[in-house]
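The values are calculated or read from the model by the stated rules, or taken from the named source; none is laboratory data. Nothing here was measured: the structure is a model prediction, and the numbers come from that model. Methodologically, a virtual Cβ is constructed for each residue, glycine included, from the backbone with ideal geometry; neighbour enumeration extends over all protein chains shown. Just so you know, the surface numbers come from the protein's heavy atoms only, side chains and all, with ligands and any DNA or RNA stripped out. Shrake-Rupley method; radii C 1.70, N 1.55, O 1.52, S 1.80 Å.
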Amino acid sequence: LLYKEITAKDFLFHEDPLDVLSTYNKIVFGDSEEDKFAKEHEKTTEEILECCKDLRVLGKRDFRNLLRWKDALLEVLRPKPAKQHDDDDEEDDDGEKKSKKALTVEEEMDELSKAVAGREK
């Protein structure tokens, strides 16, 4: 077995966060500005810090929380361009609106569940 760590900065800017969550064991907060920002941000709760300590024991809910945390930090680090259209919402079966971002998180969670299930086999 190989023990792998990734910095919070690298996790935040990684193209495939699901790969990180299924491949690495721990998210560490280094000395970079982004790592310090991530650790001190209001969205970085004790629960998030605990989840970062051992990614292998986390469940689906914990992964979802980490992905939402990542998205919240990226919104601050990378300001959004001006919104062009109000097409970012889709209606689900109940007629409720879901943002594309929420749909993306759900899709990422499905992929992660498949990756974890494949890892357990």
Check: If you roll a 1.4 Å probe over the range 1-58 with all protein chains in place, what percent of the accessible area is carbon or sulfur?
Finding: 46 percent
Item checked: Table column - 3J(HN,Hα) (Hz), the range 68-77, Karplus curve with 6.51, -1.76, 1.60, x for Gly and Pro -> 5, 4, 4, 4, 5, 5, 5, 4, 7, 6
Notebook entry, point to check: Given a Förster radius of 22 Å and the C-beta distance between Val28 and Arg64 as r, what FRET efficiency does 1/(1 + (r/R0)^6) yield to the nearest 0.05?
Noted result: 0.55
